[in-house]
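Notes follow the structure.
The values are calculated or read from the model by the stated rules, or taken from the named source; none is laboratory data. Note that the coordinates shown come from a computational prediction; the quantities given were computed from them, not determined experimentally. All Cβ positions, even for glycine, are placed from backbone atoms using ideal geometry, and neighbour counts span all protein chains on display.
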Amino acid sequence: MPGSFPAAYPLAQPLSPATSRLRAEFGDSAASHPSQYRIECVSEVTAGHNVMGIRETSAKHEEGGMVTVDDLMAFLNDFMGDVGDNDPHMANGLQVRGRQEVETLATGVSASLRLFEEAVARNADALLVHHGMNLPPGMLLDTIFTQRLRFLLEHDLSLIAYHYLLDSHPEIGHNVQIIKGLGAQPTEPYGEGGWGWYGEFETPVALDQLLAECEQLLGQVRASYPFGPLQVHRLVALSGKGAPGHAEMEGLIRDKVDLYITGEPHEWNRELFREAGISFFAGGHYNTEKLGVLALGEVIRDRFDVEVEFLDLPNET
Ligand SMILES: [Fe+2]
Ligand SMILES: [Fe+2]
């Protein structure tokens with residue numbers, strides 16, 4: 001169904017290394033109650049990101065249904081990694097500071113007044129999104145920005161945004177989640193800045209089957225151009241507005257990419273992909289960018305004893 005998500009959303013892989021290691025080391029009950037175990041970030045770095053692991057594996061969790069916004073941000077800034085100069089669009093991290101204690105964290109794809117109102121209606125203390133506040137160039141606080149900021153400040157609601165870092169993250173990022181959700185292994189970051197990922201299937205998978213699985217995973221495939229090999233070995237995922245232009249096609253041909261998955265198609269994509277002999281699926285900007293938010297919400301729920309609720313506000317993109 002367009003825009004809706006299954007209640008029991010099937011995450012691509014075990015939710016995090018922490019959860020899978022809990023299961024391996026302490027059994028299913030530990031993995032089902034991870035908040036009773038202490039999970040710390042270790043400094044293992046993959047593709048520029050810190051990847052979470054377990055340092056003190058058996059200590060009881062110290063938090064009791066609440067976390068301070070400073071502790072949450074210390075964890076998230078470490079876990080999500082360093083944005084560097086990769087995101088000219090918006091700040092990644094705590095964009096607006098609200099109340100100090102976070103008992104309920106709402107999550108969503110895109111900041112808007114409507115999403116903020118939904119968060120306040122659920123008594124959320126903080127809201128985590130992929131598309132945060134686009135500060136207008138030159139820090140001009142225009143009408144829409146001012147309305148949104150006023151609402152956040154009036155309700156003491158923190159706004160946390162991970163834009164580039166949620167596209168590129170090697171564990172919970174949208175693109176890695178798409179690749180793992182289809183049963184492939186992410187192999188290396190794709191594109192300038194590494195916003196997307198390459199993935200490979202150990203054994204090639206039929207294109208028809210991948211289309212059906214993509215529809216299941218993303219809720220829709222709004223454009224599908226089946227111009228590549230019938231058996232897919234290598235794919236690229238670049239969520240949201242990640243459809244390529246002419247300049248990117250040569251690299252996809254050179255790298256023997258069989259299938260390209262993105263959110264929004266460009267007008268010129270069908271003929272470019274036909275001529276390149278590569279297949280193309282566009283699953284929608286919104287739907288391809290829910291996955292990382294959902295996966296990061298699970299990581300936070302595992303790490304801190306807080307309520308995490310995803311606010312689904314689908315749109316036609
Ligand atoms: Fe994105
Ligand atoms: Fe996006």
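Remarks
- Residue within the range 197-207 that is more than 16 Å from ligand 1 (Cβ to nearest atom), in a helix (DSSP H, G or I) and either at pLDDT 95 or above or in the same structural domain as VAL83 (by TED's automatic domain parsing) (or both) present: yes
- Test: SER224 is within 16 Å of ligand 1 (Cβ to nearest atom) and among the hydroxyl-bearing types (Ser, Thr, Tyr): no
- All positions within the range 247-276 that are away from ligand 1 (no atom under 16 Å from the Cβ), touching a residue at least 12 places away in the same chain (Cβ under 8 Å) and within 13 Å of LEU235 (Cα to Cα): LEU252, ILE253, ASP255, LYS256, VAL257, ASP258, LEU259
- Residue that is farthest from ligand 2 (Cβ to nearest atom) [pool: residues in the range 93-110 that are within 18 Å of the chain's Cα centre (by Cα) and at pLDDT 95 or above]: LEU105
- Meets criteria (small (Gly, Ala, Ser) and in contact with a Gly (Cβ under 7 Å, 6 or more places away or on another chain)) for SER168: yes
- Among the candidates LEU128, LEU210, residue that is crowded, with 18+ Cβ neighbours inside 10 Å, of a type outside the set (Gly, Ala, Ser) and away from ligand 2 (no atom under 16 Å from the Cβ): LEU210
- Across the range 233-280, the number of residues qualifying as more than 16 Å from ligand 2 (Cβ to nearest atom), basic (Lys, Arg) and within 21 Å of LEU291 (Cβ to Cβ) comes to 1.
- Looking across the range 141-155, just one residue is in contact (Cβ under 8 Å) with a residue 40 or more places away in the chain and either surrounded by fewer than 14 Cβ atoms within 10 Å (Cβ to Cβ) or within 16 Å of ligand 2 (Cβ to nearest atom) (or both), and that is LEU153.
- Residue count for the range 221-243, restricted to those that are part of a strand (DSSP E or B) and not charged (D, E, K, R): 10.
- Filtered residues of the range 226-272 (kept if in contact with a Leu (Cβ under 9 Å, 6 or more places away or on another chain) and of a type in the set (Phe, Trp, Tyr)): TYR260
- Note on the range 277-297: among residues that are assigned to a loop (DSSP other than H, G, I, E, B) and buried (at least 23 other Cβ atoms within 10 Å of the Cβ), the one that is farthest from ligand 1 (Cβ to nearest atom) is ILE278.
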